[in-house]
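Heads up: the structure comes next, in structure tokens.
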Amino acid sequence: PELTALGPPPPSSRAGAWPGGAAAMAGYGASYGNPYNQSTGDDLYEGFGSNTEPFRGGNITGGGAAPLPMPSMAPMAGQPMGPLRVPQSRGGPPPGTRAGAPMSHMGGPLGTAGGGGAGATEEARPMTAVRAAGYTAAGKRPGSAAVFDPAGIGASRGPAPPLQKRADNSPEDLCREMEKEVNGLIEESAQLNLDSRYGEALEKAKEAGKRERKLCQKRDEAGLSDQVNIDLTYSVFFNLANQYHANGLYVEALKTYSMIVKNKQYHQSGRLRVNMGNIYFEQKKYPNAIKMYRMALDQIPNTGKEIRSKIIRNIGVAFVRLGQFQDAIASFEQIMEGYPDVQTGFNLFLCYYALGEAEKMRKVFARLLSVRLPGMGDVEDEEEMVVGMEDVLKEDGLKEALRKKHKESSKYISVAAKLLAPLIEGDVAAGYDWVITQLRTANHASLANEMEIAKSLHFMRARQFDRAVEALKSYEKKDHQLVARAATNLSFIYFHEADYNSAIKYADVAMRHNRYNAKALVNKGNCLFMKHEFESARAMYQESMGADADCIEAIYNLGLVNKRMALGREAFSLFEKLHAIIPSSIEVVWQIADLQESFGSPKVAIKWFNILSSRVPTDPGVLSRLGNIYLKEEDESQAYHYHLESYRHYPVNMNVISWLGAYSVKYEMYEKAVQYFERASQIQPSEVKWKLMVASCHRRSGDYQIAFDIYQQIHKDFPDNVECLRYLVHISDDLGKKDQVHEYVVKLRKAERAQEQQPPSDTAGTFAQGAMIPPQQNENIARNNGYGPPPPSSFDGQAPVATPAEYSESDFHNAQIRLAGVDPTGNQGKKTTEKTAKDDPFADADLDLPGA
């Protein structure tokens, strides 16, 4: 604001006569360099303004040319700011200060802009800096809009016009839009790769490359070569190479990476040789991979310790694949001395394990325990890695990643401990004790407990059940979780020893410490199953499924119980559910196929058995079962094929041998029938029927002399066999051996009288009866029992259950053999007797036997 005079002071008035003294004057003149001299106490304006005219002097101390007065810098109250103007002098006193200014020396108030004082009737003075710019009292009135408009633009111009669309883009704008499209394609490609949609990701990467080349051509045509974005080109090529790698196109990926690393404009591109080394590693070109890793290592400064250690570890792993363990050990030792980590320590441990250096393994294991696990700051942090209620209620990505790394590191330490324990000491138990002590010293309590269980499992694998039981019982007074696991394994051991009461006892102990222990519930259910308490076993399996819905042992065994209880549909639904969980399980496929056959759906059963046969193509039980189903469908060619395949893989199945022999006799393939019956006589040398069938086949094929020799050998081994003597009489008469005919007739009469004196017995039954095989000798039964529940893991302590249903095909085989028309006398049955009576000289022949 402009400084004005306030009227002539009295002659005696000096600086100190003002109200407030020199300090007040200094406040008014602060904008002009503070004319009051504080050091001398003199007022520089002393004697100024002795007349009544406004200030017009040339300078502040005397006359001279009149300077321009200072313009107004603020609008008047309630008025918009207009153009700057120079105020005119009106010959009267100038406007005073604001209301409330200090009183003059005459006692009257100073003039203000709003009225009062000397200049109340004059034009309002310019706004001072005391009031905030743009503030007016009008905004407080009702109905008025408080708009911040200090320059008064809104009052004179009105609303702004709408934005006009550009009629045509400039070359720079077009290039910028194309660049955005390329970046979008790169991001889409990366996201598709993350979603494992590698083919689509590669197509997007190629499209980004095409758009980027068009962008470069556009800039060249527009003369904007200086605006080429080399970072965009780098991103396009890098993404394309990565997508080639993900799709297994190694040659294209290496070519693209080479284009990047050879371009001198990309200063950090040498690091991409690590990716090239990874490609060579996947191609098993380990020397090339090592070369690339070392070239990339030269590009990394010494400050990048973490990435250098990872590259050196890759070099060590490549040496391991080449079998150069000493070079690999050198690489891993270099990392352990500079930037140690658990994975590298584990790799170093494996190298010494491969070389058989137990003492160095011990040292490396100690160093491995000294490595700080990821996310482990304090000793108590190990407990924080366990998922608690807080982790369930809130998502913490960082903690989840740390938990994953901690679990992986614990796995490395656990495997190393299990490999080390049996080697470092003369006694395995002492080795496990040393490892457990080291783990507890290093504050790995959970791993130490796991090694306690591993110690007992080692004895179980070695069939040292007494030591395993002793080790497991020693945990009864330890941690509850450890006791539950030990009791589960004890129940497993006693189940296999058929001590079901003890197995149930320890299953109850495990359930007492953890009522929702699914494995303990299954073990108890298995014991009840073997004791034929099917309802109780079914309840145990259902409770186990309630505790763990994906417990495959409980689902499988519950299906078996339902089969035993004739609840076929419930069993089928359980096996279907289990097939969805573990589709590769051949046991589940067998049960589904068996149930389909029992439901009377042979075509569906054939489909499932074919699926099973494709997974176990050499299983004779599956092939034999397929042959039997085709027999029911009256497809003898397919039945013969599958029985023959079953015999080829397992040539001691008596059911299969008997059916193949009968089939060969039915279709007069006597030479093949002889092979099958000879094999049967080798398997069961005490059964005379197989030798009789061999002789009968030779007789039917016209080899009478061979048949006669075989009958003589049978008579020597079984002198009281009536059938053999009868055939000897027939064939001797045919061969013209009259002297031997009388001898065999006498023996036949004697044998028949002895047989008549004995009570009737089934021991000398027909060939069809001889085909009956005890259940324990039936191969199909054995194979069916072999498809029991999935074998338990060594850590579960899960006891298996044998399949409850024994499948016997003897009756069906007997019916087929009878249809083939074969009996032990060498004659065909009623079905074929009439047509062969004329051809067979021994058919229905009446013998003239002399009296005894």
Item to check | For region 289-340, alpha-carbon Rg and Dmax in angstrom | outcome: 10.5, 31
Checklist entry - Ranked highest first by the average count of other Cβ atoms within 10 Å around their residues, in what order do 461-471, 716-726 fall? => result 716-726, 461-471
Item to check | For region 635-682, radius of gyration divided by Kirkwood radius, i.e. Rg to Rh on alpha-carbons | outcome: 0.94
Checklist entry - Quick one: if the Förster radius is 45 Å, what FRET efficiency do Ser258 and Ser584 give, using the C-beta to C-beta distance and rounding to 0.05? => result 0.60
Next on the checklist: Run the simple label-point estimate for Asp466 and Glu671 please: 7 Å along Cα→C-beta, distance reported in nm.
Outcome noted: 6.1
Item to check | Among Gln638, Ile683, Leu725 the positive-end extreme of the charge dipole of region 630-752 (Cβ point charges) | outcome: Leu725
Checklist outcome for this item: At q = 0.11, 0.14, 0.19 Å⁻¹, the log10 of I(q)/I(0) for region 405-550 from a Debye sum over equal Cα scatterers comes to -0.46, -0.72, -1.11
Checklist entry - Using θ = phi - 60° and the Karplus curve 6.51 cos²θ - 1.76 cosθ + 1.60, what whole-Hz ³J(HN,Hα) does each residue of region 330-335 get, with Gly and Pro shown as x? => result 4, 5, 5, 5, 4, 6
Checklist entry - About the Cα centre of region 513-658, what is the dipole size in debye to 20, counting +1 per Lys and Arg Cβ and -1 per Asp and Glu Cβ, all else neutral? => result 320
Checklist entry - What is the pair-distance distribution P(r) of region 660-743, computed from all Cα-Cα distances in 5 Å bins starting at 0, with each bin given as a whole percent? => result 3, 16, 26, 23, 18, 9, 4, 0
Item to check | Neighbourhood charge, 14 Å Cβ-Cβ cut-off, centred on Pro340 and excluding it, Lys, Arg +1 and Asp, Glu -1 | outcome: +3
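With a sphere of radius 12 Å drawn around the Cβ of Asn229, what net charge do the other residues whose Cβ falls strictly inside it have (Lys, Arg +1; Asp, Glu -1)?
Net charge around Asn229: -1.
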Item to check | Extension gain (nm, one decimal) between Ile230 and Ser573, 0.36 nm per residue minus Cα-Cα | outcome: 117.3 nm
Checklist entry - Can you pull the accessible area of Leu194 for me, 1.4 Å probe, Å² to the nearest 10? => result 130
Checklist entry - Which value, in Å², gives the accessible area per residue of region 214-314 when a 1.4 Å probe is used on the protein heavy atoms? => result 57
Checklist entry - Can you give the accessible area of Leu355 in Å² (nearest 10), computed on protein heavy atoms with a 1.4 Å probe? => result 70
Checklist outcome for this item: Long-range amide H partners of Met669, meaning residues 5 or more apart or on another chain whose placed amide H is closer than 5 Å, are none
Item to check | Potential lengthening between Glu207 and Gln265 on full extension [0.36 nm per residue; Cα-Cα distance subtracted] | outcome: 18.5 nm
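Size of the dipole of region 603-761 about the Cα centre, Lys and Arg at +1 and Asp and Glu at -1 on the beta carbon, nothing else charged, in debye to 20?
280
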Item to check | Global size of region 215-350 as Cα Rg and Dmax, reported in angstrom | outcome: 18.0, 63
Checklist outcome for this item: Between Arg176 and Arg372, Cβ-based FRET efficiency (R0 56 Å, step 0.05) works out to 0.70
Checklist entry - What FRET efficiency comes out for the pair Asn443/Gln705, r = Cβ-Cβ distance, R0 = 56 Å, nearest 0.05? => result 0.05
Item to check | Accessible surface, region 591-662, averaged per residue in Å² (probe 1.4 Å) | outcome: 37
Checklist entry - For region 458-615, what mean projected area does the convex hull of the alpha carbons give, in nm²? => result 10.1
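Beyond a 31 Å Cα-Cα separation, which of these cross-linked pairs lie in this structure: Lys284/Lys405; Lys206/Lys291; Lys305/Lys404; Lys210/Lys291; Lys206/Lys262; Lys291/Lys360?
Result: Lys210/Lys291 exceed 31 Å.
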Checklist entry - Which value in nm describes the separation of the simple spin-label points at Asp433 and Glu408, placed 7 Å from the Cα toward the beta carbon? => result 3.7
Checklist entry - Taking the Cα atoms of region 278-381 alone, what are Rg (to one decimal) and Dmax (as a whole number) in Å? => result 14.6, 45
Checklist entry - How about Lys204: which lysines have a C-alpha closer than 20 Å to its C-alpha, ignoring those fewer than 8 places off in the same chain? => result Lys180, Lys214, Lys255
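The values are calculated or read from the model by the stated rules, or taken from the named source; none is laboratory data. Bear in mind the structure is a predicted one, so any value in this text is a computation, not a measurement. Because the Cβ atoms are built from the backbone with ideal geometry, glycine has one as well, and the counts that use them run over all protein chains shown. When the accessible area is computed, the model is the full protein with side chains, heavy atoms only, and any ligands, DNA or RNA have been set aside. Shrake-Rupley method; radii C 1.70, N 1.55, O 1.52, S 1.80 Å.
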